[in-house]
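Undergrad: Here it is: the structure, laid out below.
The values are calculated or read from the model by the stated rules, or taken from the named source; none is laboratory data. On a predicted model such as this, the values are computed, not experimentally measured, just so you know. Note that each Cβ is placed from the backbone with ideal geometry, even for glycine, and that neighbours are counted across all protein chains shown.
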Amino acid sequence: MTGSTTALPAMRKPSGTWWKRNQRRLAPYLFLAPGVFMFALYVIWPIFDSIRLSFFDWDGLGQKTWIGLDNYYELGDDENFYTSLKNNVIWLVLYMLAVPIGLFIAIFLNQTVTGIRVYKSLFFFPFVISQVVVGLIFSWFYAPNFGLLYKLIEWMTGTGIAFLAEPDYVTYALVAAGLWPQIAYCMILYLTGLNNVSPDQIEAARLDGAKGWKMLWHVILPQLRPATFIAVVVTVIGALRSFDIVSIMTDGGPFGSSRVLSFYMYEQALSEYGYRMGYGASIAVVLFLIMMVFISGFIWKMVRDERGV
């Protein structure tokens, strides 16, 4: 009996070059590569270089001298550093008001009524102007003798208050100036988020009898978590750096009472007060760590909420 054998088809070798076989898998990495490179060059590397520089005594031109933790020990005895840190805490606490205020303005503007676009433009306006212009506007607003707020208080009480010349009030006056554009930014984020809120969930909640605060808390806010995350992160970063408003309106005065960490870092590292690059870098490291604590904590809480832990 003769057995018949069937020949198995030969295995096909992948056709084309290595690039053609792998281009679909490699394409996302190639698109990401320029952005990752720029981020590493202008963000990641400066962070680690600042940490390294904080262990040196350096004037920016001459020879670097290794001094270890001496810059950080000096920070512990520096009264100006503690004043700047205290002012940053005030900025951070009060600046967070921008998030709920921006939310409620966005809810107010998220209506389809006649003329609402005009109101949106008016509320959007502070966001598009420069922080320098904001600082100048509020400097005139607070100015003694002719400022609108000064005149209003003088008319009501008989004595005006020069907010930018009073150490007890100056930081709060600066925070109020910074809040104006920050509220507008949070409002824009929430307006974008409200456009993505599911109308089906709102209708279902209405059928269940939810309205007012219950509707906002249980239906709308959970869908606004991405917008809230961005708003909080940007607000925290804005509160902790807050350099431009301080520089334009008070230049750290009066008597250094309005300094914040970013401005004090500039004074120590780049101004005529010393050109102490290492000491300025140590202030920058402290500011970076504070920022990371707040942002990491909020990310951790958001992840826990998403997982339902």
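Undergrad: Output the qualifying pairs, or none if there are none: Cβ atoms under 7 angstrom, residues six or more apart or on different chains, first residue in segment 118-142 and free of Cβ contacts under 8 Å to residues at least 24 places away in the same chain and within 15 Å of A106 (Cβ to Cβ), second residue surrounded by 12 or more Cβ atoms within 10 Å (Cβ to Cβ) and of a type outside the set (V, I, T).
TA: Filtered contacts from segment 118-142: Y119/L109.
Undergrad: Still on this structure, please answer the following. What do you reckon, is E79 of a type in the set (D, E, K, R) and surrounded by 14 or more Cβ atoms within 10 Å (Cβ to Cβ)?
TA: Taking the combined requirement at face value, the residue does not satisfy it.
Undergrad: Can you tell me which of (1) surrounded by fewer than 19 Cβ atoms within 10 Å (Cβ to Cβ); (2) under 30 Å from Y266 (Cα atoms) is the one L221 doesn't meet?
TA: So the condition that L221 fails would be (2).
Undergrad: Which number in (1) of a type outside the set (F, W, Y); (2) under 19 Å from V246 (Cα atoms); (3) touching a helix residue (DSSP H, G or I) at 6+ places or on another chain (Cβ under 8 Å) marks the one condition that E166 misses?
TA: So the condition that E166 fails would be (3).
Undergrad: While we're on this one: Go through segment 56-66 residue by residue and tally those that are aliphatic (A, V, I, L, M) and in contact with a Gly (Cβ under 7 Å, 6 or more places away or on another chain).
TA: Total satisfying the criteria: 0.
Undergrad: Tell me which of these V118 doesn't satisfy, since it passes every other one: (1) among the hydrophobic types (A, V, I, L, M, F, W, C); (2) closer than 17 Å to C186 by Cβ; (3) out of contact with any Pro (no Cβ under 7 Å at 6 or more places or on another chain).
TA: If we test V118 against (1) among the hydrophobic types (A, V, I, L, M, F, W, C); (2) closer than 17 Å to C186 by Cβ; (3) out of contact with any Pro (no Cβ under 7 Å at 6 or more places or on another chain), just (2) comes out false.
Undergrad: Ok, one more. Can you list residue pairs whose Cβ atoms sit under 8 Å apart, with the first residue in segment 194-216 being at pLDDT 80 or above and the second being assigned to a loop (DSSP other than H, G, I, E, B) and not polar (S, T, N, Q)? Count only pairs 6 or more apart in sequence or on different chains.
TA: From segment 194-216, the pairs are L194/L224; V197/L224.
Undergrad: Take I230 and decide whether it is in contact with a helix residue (DSSP H, G or I) (Cβ under 7 Å, 6 or more places away or on another chain), under 30 Å from L136 (Cβ atoms), buried (at least 19 other Cβ atoms within 10 Å of the Cβ) and of a type in the set (V, I, T).
TA: Criteria not met by I230.
Table: residues versus (1) acidic (D, E); (2) surrounded by fewer than 15 Cβ atoms within 10 Å (Cβ to Cβ); (3) over 21 Å from G193 (Cβ atoms).
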| position | (1), (2), (3) |
| --- | --- |
| G102 | no, no, no |
| N110 | no, no, no |
| R117 | no, yes, no |
| K120 | no, no, no |
| F123 | no, no, no |
| V128 | no, yes, no |
| V133 | no, yes, yes |
| S139 | no, no, yes |
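Undergrad: Could you please let me know if I44 is modelled with pLDDT of 85 or more, within 30 Å of G278 (Cα to Cα) and out of contact with any helix residue (DSSP H, G or I) (no Cβ under 9 Å at 6 or more places or on another chain)?
TA: Yes: the conditions hold for I44.
Undergrad: Show the residue pairs that are 6+ apart or on different chains and have beta-carbon atoms under 7 Å apart, the first residue being within segment 151-164 and at pLDDT 90 or above and aromatic (F, W, Y), the second being surrounded by 15 or more Cβ atoms within 10 Å (Cβ to Cβ) and not in a loop (DSSP other than H, G, I, E, B).
TA: Listed by first residue and then by second, the contacts come to F163/Y142; F163/V170; F163/A173.
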